[in-house]
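Reviewing the structure listed below.
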Amino acid sequence: MENLNATLAANLVPIFAVIFIVVALLVGFLVKLELDLSKMHKRYRKLTVGADDVNVQQILMEYAEQINQAIEENSKIRGDIEKITASASRAITRVAVVRFNAFHDDTAELSYCIALLDEENSGVIISSLNGREFTRSYVKPIVKGESQSYKLTKEEQQALHDAAIPPEQRQQED
C-alpha cells in the first residue's frame, strides 16, 4: 500500500493533468450538446408555430395532407395545361395577307388573299377578287401546308408561304 501511495504521490501532477483534460473534454461535449438542443428546440418551435397543445405527429399529418392536396391540384392543372396545349395547336396562330391587282387594270390592289393557319400549317386561304363591277370570293382548305383539292394562285402561294413562318421567327426576320 505504501508503494501505491508513493507512486501516486510521485505522479500526482500528471494524474491531475489527465483528469483536468478529461473534465475539459466533458465540459466541451456538454456545451456542444446544449447548443444542439437549443437549435432543435428552435426548429421545434418554428414547426409548431401557431399550434397550441398539438403534438408533432398531428402537425406532420396535417402537412402531409396539405402536400397530398397540392399534388392532386398540380395533377389537375397539368391535365388542364395538356388540354389547352392540344387546343392551342389547332388554333389559328399564323396569318398572312397578300394584296394584288387581279385584273391588271386601274382597280389598284383591291384583291387580296388571306392565309389562316394553325401550328401544323393547316387551315384555309380566303381569296377575294375585286373588279369594277363584281367581287368573287374563294375559300380553299389547306392541310399541312398544301392544298390537296384546289390549285393555288401565285398570290395564294405567297400568302401560304408567309403564314407558314412561325410568328416568333417572322419578328426576327423583319
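Observations on the model:
- The charge dipole of the range 94-173, taken about its Cα centre with unit charges on the Cβ of Lys, Arg, Asp and Glu (plus for the first two, minus for the last two), comes to roughly 220 debye.
- Considering helices alone, the calculated mean residue ellipticity of the chain at 222 nm is -19000 deg cm²/dmol, with DSSP H runs of length four and up weighted by -39500 (n - 2.57) and normalised per residue.
- Count of lysine pairs in the chain with Cα separation under 25 Å (8 or more residues apart, or interchain): 6
- Under the membrane-span-like helix rule (DSSP H runs whose alpha carbons stretch at least 24 Å along the helix axis, mean Kyte-Doolittle hydropathy -0.5 or higher), the chain yields 12-47, 56-89.
- Where chymotrypsin sites (Phe, Trp or Tyr not before Pro) fall in DSSP loop in the range 1-35, at most 13 other Cβ within 10 Å: none
- Globularity ratio of the range 4-145, using Cα Rg and 2.2 N^0.38 Å: 2.90
- Cα lying deepest toward the dipole's positive end in the range 1-47, options ASN5, ILE19, LEU35, charges on Cβ: LEU35
A short reminder: the numbers here are calculations on the coordinates, not readings from a lab. What you see is a predicted model; the values in this text were computed from it and never measured. In this analysis, Cβ positions are derived from the backbone assuming ideal geometry, glycine residues included, and neighbour counts consider all displayed protein chains.
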